[in-house]
Each structure stands twice: as structure tokens, then as C-alpha cells.
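Data first, discussion second: the structure below is written as C-alpha cells.
Since every read-out is calculated from the coordinates, none of them should be taken as a lab result. Quick caveat, the model's predicted, so the values are computed rather than measured. Because the Cβ atoms are built from the backbone with ideal geometry, glycine has one as well, and the counts that use them run over all protein chains shown.
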Amino acid sequence: MPRPRYVSEKFNVGYFDWTWEFWFRGKGTSGPGTVFELRSGAFGGGSVAETNSLVLAAGAKYFILRSPRKKAPNQNLDVEIPTDEGAMTGRKGGWHHIAFTYSAKERQIRHYVDGVLQPLPRKGGFLPVQGNIEQFSIGRDADGGQMLDEMRLSNIVRYHDRFNPPASFSSNYGGRPPVEAVPNGPPLLFGESTSRDPIRLGSRKHVFIDGALIDSMSNLVFRVNQPTVREVTDFSCTKPWETGPRFGPGLPDVLHVYDDGSEIRLIYTNGAMWGGKKPDAISMAVSKDGLQWTKPELNVVVWDGSTRNNILLTDSSQGTMFKDPNPNAPANERYKYVAYVMQRGIYVYFSPDGIYWSRNETLALPFDCGGGVETFWDDQRGLYATFIRHEGTNVRLGALAETKRITRPWHFEAQATPRLRGNLHLPTITGELPVAFKVDDKGRQVYRSAAMKYAWAPDTYVAFPWRYTKAQNVRPGSDLAVSRDGVNWTSYGDPLYFTSDWEIDGRKVVESLINHGLIRRGNEIWQYATARFTSHGGASFGGEEYESGLYDRLVRLVQRLDGFVSVDAEGGVGTMITKPLIFEGRRLVLNIASRDETRVALLDSRGEPIPGFGLSECSPIKSDSVEYAVSWRTRRHLESLAGKVVRIKLEMRNARLYALQFSK
């Protein structure tokens, strides 16, 4: 006879010690009301469904603990639990702390109202529900109003005698709630304002991802620079927990790559949430050189009877795990994992070290987004930005959610008629959140956004949206999109930043997908991408296997520091003049590749060359350097101009300009 399957969620109470507690407010009615109800579906190939519930009986003199079984009436269990009628009906006013404990050894339920033990009921407890959960509801009274607040279930007997009720279970709404996040970076320079006031550039680096600093230019173009190096790493799946049927045995679903200082961490999932019988596993690999990866024994999660594995979590989820650069984040929240949890919505997890994780007490957003949740800390705006896949209109887009209190529910605009899907009827995103990434001019949708704050220059945001062609069910490459505020984005489109126009070992790459995360080593930026030899999801998920036995590769891409976009002079002389600005510092430094001469002049507020800093006085630049100090023959330092309004003029020949900075 097959062994029954038990619901694995922790609120399926049964043959173990537990404490169930909450705050209750009576409204003058006499009941009945449901504290909670847990219902399973059919299991074991039959039609049996089971329910556990805790109900306040009509008259409010007692609760009923009920475990009915459809096909086993002799196992029906009704335990009447006497209670404080005055507190339950509202005659005593206000909110009351209600607790139920169960001692498995004694088989005894105890009930407390405001810390006072009520008369003992007869012995007995819940029979655990078998099968898969189909419905879970809490706090429903006869009028459909709120009965409960701050419910907590523990797998211990928390109370044994008269006690003083806790002030709150919540770290978000208790006596010391989290404070609102504040910026720890400089104010944004480039907003939507049309002010002609000089730009207070100070000594911050300006990366030329667009023309925000430029007043005029001629014979120059903005150009997307594809990564200079593509290197296949040695990462592959060799452990039994690492991949599910959707991704095959080669490479898993990569979530995020981040720099932990002494090592690079790669976070990935086995994709079990998308199908198959393998349990979910989110794992970590580490690397020193970015090419060779090892899988540390973390001893955190039990898999097949052993903790000798690199598994971090077994929650059915997909999102972004990162080390939070917010200096005001509590020590136990230094690492964060923001993820879509299958059929439940979007949650936040915390860790002090990136190894041991706990889930936040409340849901962040109640959406089914099919994965694709990518989060970063925005130091200049003082908030957490999360880009989420928008699927509400059968067109995949990139939506944006923002919060200054990441541990509390995030704001969204509720819709009168949300589009529901999934077993728990979660809404997909339609108009609840603003759209940041849209369908491009070739009709390609957005599968993931891969949006990030560029850590090595302010006012710079980059994203690498996976473009998706629905008709072919293929993601042909990753776009480059840029922003000055993290809200308004410009996509560069074709040619895509990372395209599928190359081969590995003589085999054609079909999908080129940049993963979330930027790593800096010296004057290089490393990115990691998945090179796929199948269309979306492989044959097991509606795609096509192009070659049997050939599996994905994890690829390291090398980009020049600040090098995603450049201002290029390709023929003749290109000229650029910046908007009026005020700087701080002693010298002007360029990130530039100049094969022929490039010269720089400083102009006054009227646009006239400042004596000693003209083009003819500039020492010609013939260099390829990420930090080239501009010099003038008679005036090497700029202290005399600091704090004054100036413009920068460049004449470029066969050159690429990536960034500039006034250095102190």
C-alpha cells in the first residue's frame, strides 16, 4: 500500500508540539467564525480530500477543533475548547491575545486568553492533512470581516502557565519597527527638469551612456560596445540535486552572480519549480578567477540524508540573491534574496552571511510573475528597486516596484478586475506597477530585465533585457538599456549587446542570455551569461532540441571599465561641447581610446576658450587608457577654475570616449 503524502507546509499541524496564537477582536456578534481552515486535494489516486479547521462556535462560548475525513467518519475529530465569552463577543472591548498549545506527549490542548489559562478540553489534537494543499483561509467571521491580526504558528509548546502576552510577533510593526531607507549616495544629476542651471558635476565620474551631459556634437555617434572577450567557464552540473528536466544535465537556471570580496558567488536553481519530481534546490558555487568554479560543502540543507552539499534553500522560488551595499541595512539582513515563490507571490529573505537564510514575515507583492525578479539597492534614491516580469496581457514586459521599507508589503495600484491565474488565483501584473521595459521596434518581448545600478559611477544604471520572440519561442540575445534615474530607460536595440551570432566548439549558439550581476576586477567588468544551444526551455518546455546531448554553457564576458557605450569619432574630426558645469578637483581624467589625436579645451560660461586651456594648448592625446590625465602645455592643474562655470570641448579623431572625471 503506498504511503500517504503529507502536506509539507509548516502550518499543517499534527502529531507534534505546537503553539498557534494571534490577536482577536470581537465585534459584538455571537459567531460563528473561522480562525483558520486548511483543505487538501485528492491524494493516492483517489478522490479523498481532507480539512483541518479551528472554528469559534455560535454563541462564542467555545472553539471547535475539527479534523473531518470524508471516507473515515470514525476518525472525525471535534474537540470543544472552552473560552472567554466576553473577550470573544467584544463585551470586554479591544484586541485580545489568544493562544492554543498542544503537547504531543500529553495529547493535551491548552487555551489562553490574554495569558490566562482557560478550562482544559478533553484530550485530542489534529490529524495531519494528507495530499496537496488546495485552500488555506484565516480570520473569516460570519460577516466576512477581520477577526485576527498577527498570527504565529510555532513547532514548540511556547506557554506552560499564566504569562504576559507579547507586545507583538512582528519585527515590522512591533516596538522597534524598521526605519525608512535613506540615500547614501549623491543626489541624481539628471532628472526631468529643464533647468538651465549649471550641472554641479563636482568630482563625480560621468559615464557616457547617453547625451545627458552633452550640449552639442557633430560627426560623433553613440555606439554600444559588445564584450571584448567571451570565455567558456568550467561550470557544469555534476550533483544529483542540481538540475531538473527542463534544463538538462549541463547548466542550471542562473539567478545571480555577485562579488563577496574574497570570492565571486554564483547562485543557481535546479528549475524544479517548473516541473519534474525532483525537490527544489537553490545552490551556490564560488570562484577566485571567474573561470574555475567550486561547490563548497555548506552543511545547511539535508539532501538524501546528508548535509554535505552546496544547497542554500529548498524553497520553490526564483529571484535575485545579493550582498546589500546599503550601509544602514541591519547586520542580520546584510544579504538579501528577493524572489517569486511558486504560486505564493514575491517574498524577501535575509541572511547575515549569504549562507543561512530566513524568510521575511510577510508577503512583499501578491503576484504570479513566472519568475524574473531582479532587485538592487539604489544608493542615490535611497530605495530598493525590483524589476518583475509583467505577463498580464500575454505580452512579457518589465515592470518596476520600489520600496523604502523592504520588509513591509510594497505599494502597488490595485486593479478593479485583476487577471488571475494559478492554483491560488494570484493576479498577474497588468496595471498594478509601471512598465519600465517594453516591446522593442522588432516586436521582441522582455523575458528578464537584468537591471542594475552601476557601482563605479553615479547617475548610471544599466540593464540587459533578454529579448523574446514569441513566434519562434526563442530569446536571441540580450539588449542594452540605460537610465539616469533607474525609472526611465532607453534601449539601444540592434545590434544587441550580446547576440546569438557565434559558436562554441563548432556548434551554433541559439540563445545568449546575460545573468544579473557585475563583477569588477582591475579595469575590467566581468559579466556572466548563459549560452544555450536550444530554444526557450528546450524540448521539454515547448522549445526545440537542436543537437542531442548538447547542453548550455556558462560564459564569462569581459567588458572595459565604463565601456558599455562610447562616443565615437570614426571619420574626420568629431566635436563635442558639454553643457555648463561646475567641477571640483585639480585635473581632468578621461577614459578614452584615441588612436589619432584628441584635444580638450575648457570654455567659459560664454563658450569662449579660457586662456591657457585652449585646444591648441592641449597636449595631444594618443592613448588607450581608462584614466588618462589631460594636460595643457602651460597650465597643468585646474584649481583656479574649480567652482566656476565651465564647458568642456573635445575634438576627436579616430577615438572612443567612455567617461570623464575631475579628480581631486
Under the Karplus relation with 6.51, -1.76 and 1.60 and θ = phi - 60°, whole-Hz ³J(HN,Hα) for segment 109-122, x at Gly and Pro, equal 8, 10, 10, 10, 10, 6, x, 9, 5, 8, x, 6, x, 5
Looks like the chain, by Cα gyration tensor root eigenvalues a ≥ b ≥ c and the a/c under 1.5 rounded cutoff (else prolate when a/b is bigger than b/c, oblate otherwise), is prolate
So who's got an amide H within less than 5 Å of the one on Leu298, skipping anything under 5 residues away but keeping other chains? H placed 1.01 Å off N, in plane.
Asn309, Asn310, Ile311
Could you name the lysines in cross-link range of Lys470, using Cα to Cα under 19 Å and dropping any fewer than eight places away on the same chain?
Lys438, Lys442
Give me the percent relative contact order of the chain, please, defined on Cα pairs under 8 angstrom at least 6 residues apart.
12
Potential extension, Leu153-Asn132 segment - 0.36 nm per residue separation minus Cα distance
5.6 nm
Checked against a 28 Å limit on the C-alpha separation, the offending pairs among Lys205/Lys404; Lys453/Lys664; Lys123/Lys278; Lys61/Lys123; Lys288/Lys323 are Lys123/Lys278
Whole-Hz Karplus ³J(HN,Hα) for segment 131-138, in order, using 6.51 cos²θ - 1.76 cosθ + 1.60 and θ = phi - 60°, x for Gly and Pro?
x, 9, 5, 10, 7, 9, 10, 9
Does segment 551-590 come out rounded, prolate or oblate, given a ≥ b ≥ c as the square roots of the eigenvalues of its C-alpha gyration tensor, rounded meaning a/c under 1.5 and, failing that, prolate meaning a/b above b/c?
oblate
Could you name the lysines whose alpha carbon sits less than 27 Å from that of Lys277, not counting residues in the same chain fewer than 8 places away?
Lys10, Lys239, Lys295
Which ³J(HN,Hα) values in Hz, rounded to whole numbers, follow from the phi angles of segment 406-419 under the Karplus curve 6.51 cos²θ - 1.76 cosθ + 1.60, where θ = phi - 60° and Gly and Pro get x?
5, 8, 9, x, 8, 6, 8, 8, 5, 9, 5, 10, x, 8
Applying 1/(1 + (r/R0)^6) with R0 = 60 Å to the Cβ-Cβ distance of Leu188 and Arg162, what FRET efficiency is obtained, to the nearest 0.05?
0.60
With a 10 Å radius around each residue's Cβ, average the other Cβ atoms per peptide and rank 281-292, 472-483, highest first.
472-483, 281-292
Can you sort His425, His516, His206, His411 from fewest to most other Cβ atoms within 10 Å of each residue's own Cβ?
His425, His411, His206, His516
Pull up all non-local amide H partners of Ile346: gap of 5 or more, or a different chain, and H-to-H distance under 5 Å with H placed in the peptide plane.
Val341, Ala364, Leu365, Phe367
Show the residues, 5+ positions off or on another chain, whose built amide H is closer than 5 Å to the amide H of Arg421.
Leu426, Thr428
Quick one: length gained pulling Thr575 to Arg176 fully straight, 0.36 nm per residue minus the C-alpha distance?
137.9 nm
Can you classify segment 261-393 as rounded, prolate or oblate using the Cα gyration tensor, where a ≥ b ≥ c are the square roots of its eigenvalues, rounded means a/c under 1.5, and otherwise it's prolate if a/b beats b/c and oblate if not?
oblate
Using a Förster distance of 30 angstrom, determine the FRET efficiency expected from the C-beta separation of Val229 and Lys664, and round it to 0.05.
0.35
Which ordering of Thr320, Thr228 is given by a fewest-first count of other beta-carbon atoms within 10 Å?
Thr228, Thr320
